[in-house]
Amino acid sequence: MANIRAVSKLAGVSVATVSRALRTPDVVSEETRKKVIEAVKETGYKPNMMARNFRSKKSYSIMVLVPDISNPFFSMVISGIQQAAKKSGYSVLLGNTMGEVETERELAHLLHTNQTDGIIQLSSRFPLAPEDCEEGRTPPVINCCECVDDDSMPTVTLDNVGASRAMTDHLFGLGHKRIAVISGPKGSPLTVARLAGCQAAMKAANIPFDPALVAEGDYSMASGARAAEALLCNSLRPTAIVCFNDEMAIGAMQQIRKAGLSVPGDISITGFDNLTFAAYTEPPLTTICQPSEAFGEKAVEVLFDIIEDRAMPVRHLTLPYELVVRESTAPPSSAG
């Protein structure tokens, strides 16, 4: 059976270079990497990953805890995580937690048993049980995408307050004054932050905040439709609805059409995330663009700083948003 020395000899590089090319391909040149890969194929060499992991006491894998693996936004974040991890020779394990605390704890326990080197948590909860935390050492756990209202773990997130305020200001600029909100689950740090942004914009515009114009959703299209139906029953119909994600916005648009109304003729609709299909809805959806893949890439960078005991330049990293204006928003009709 071929060994790493045979690959080294055929490729004309050192054994250490072969190891780097296979484990961390981004640190060697493209030409060297190609030579090594060709030599590996020609010799039939198969690296002994178990032996490497035993020597280094690392699994060379990271765990991503996903509250809802069917959510397309999380899919884009995971894509960024995988790309960044692969460059450093790491594999990615996915754990679909369905938002359950016990499932998070069970999967996070893999860190304690050395079956993974770090965890990226896509919900706001700290996933480790107290007995799995080593005293005096920062655990290799990072939160990505969600707002965390304490200092339990490093975070990579968005300026959610600023983003929702910018969206509400956009609607005010069009002339809307009666603006409703389809939020996420009450009490969620993400919901609290985005609602705070809407309220700040209303306060600045001297428009009273009306709690009756807030309907709770769960980020699914169906919940967006249900929330829109409830808002349409309001004695004074809103002229615009801010939705806290694109999927709920699409559900709301469908319900509005079902009620015999039009978007944006009767009611303007906005989303949040800028998923791929947001540009192809009818009408195309005005939304907030989150740098989803960059979330994943930055989360991996910060996680590796912890794994390698490097100093973190910033413990809480906030990425920029972009307001994407499309045809789902327009000035209110004279009837509105």
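The values are calculated or read from the model by the stated rules, or taken from the named source; none is laboratory data. As the structure is a prediction and not an experimental result, all values here were calculated from the model. We place every Cβ from the backbone using ideal geometry, glycine too, and count neighbours over all the protein chains shown.
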Mind listing just one residue for me: the one in region 1-54 that is of a type in the set (Val, Ile, Thr) and outside any helix (DSSP H, G or I) and, of those, modelled with the highest pLDDT?
VAL13
So which residues in region 164-192 are of a type in the set (Gly, Ala, Ser), within 17 Å of the chain's Cα centre (by Cα) and surrounded by 22 or more Cβ atoms within 10 Å (Cβ to Cβ)?
SER164, GLY184
Count of residues meeting criterion [surrounded by fewer than 15 Cβ atoms within 10 Å (Cβ to Cβ), assigned to a helix (DSSP H, G or I) and not charged (D, E, K, R)] in region 83-112:
2
Does region 227-262 hold any residues that are over 18 Å from ASN160 (Cβ atoms) and in contact with a Lys or Arg (Cβ under 7 Å, 6 or more places away or on another chain), and which are they?
LEU236, PRO238, THR239
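Would you check if there is a residue in region 138-145 being in a loop (DSSP other than H, G, I, E, B), farther than 30 Å from PRO238 by Cβ, β-branched (Val, Ile, Thr) and modelled with pLDDT of 90 or more? I'd like the intermediate steps shown before the answer.
Of region 138-145, the ones in a loop (DSSP other than H, G, I, E, B) are 138-140, 145.
This time we only want the ones that are farther than 30 Å from PRO238 by Cβ, so: 138-140.
Right, trim to β-branched (Val, Ile, Thr) and you get 138.
Subsequent filtering for residues that are modelled with pLDDT of 90 or more retains none.
No: region 138-145 contains no residue that is in a loop (DSSP other than H, G, I, E, B), farther than 30 Å from PRO238 by Cβ, β-branched (Val, Ile, Thr) and modelled with pLDDT of 90 or more.
For every residue, the table says whether it meets (1) aromatic (Phe, Trp, Tyr); (2) touching a Gly at 6+ places or on another chain (Cβ under 8 Å).
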site	(1), (2)
SER223	no, yes
GLU229	no, no
CYS233	no, no
ILE250	no, yes
ASP273	no, no
PHE277	yes, no
LEU285	no, yes
Within region 283-309, restricting attention to residues that are part of a loop (DSSP other than H, G, I, E, B) and out of contact with any helix residue (DSSP H, G or I) (no Cβ under 8 Å at 6 or more places or on another chain), which residue is surrounded by the most Cβ atoms within 10 Å (Cβ to Cβ)?
PRO291
Which ones in region 195-212 are modelled with pLDDT of 95 or more and within 22 Å of ILE250 (Cα to Cα)?
LEU195, GLY197, CYS198
Does GLY260 satisfy being closer than 19 Å to SER70 by Cβ and not in a strand (DSSP E or B)?
no
Based on what the data block shows, is LEU236 within 28 Å of MET76 (Cβ to Cβ) and either among the aliphatic types (A, V, I, L, M) or under 27 Å from the mean Cα position of the chain (by Cα) (or both)?
no
Please determine, by comparing only the residues of region 219-235 that are under 18 Å from ILE269 (Cβ atoms) and assigned to a loop (DSSP other than H, G, I, E, B), which one is modelled with the lowest pLDDT.
ASN234
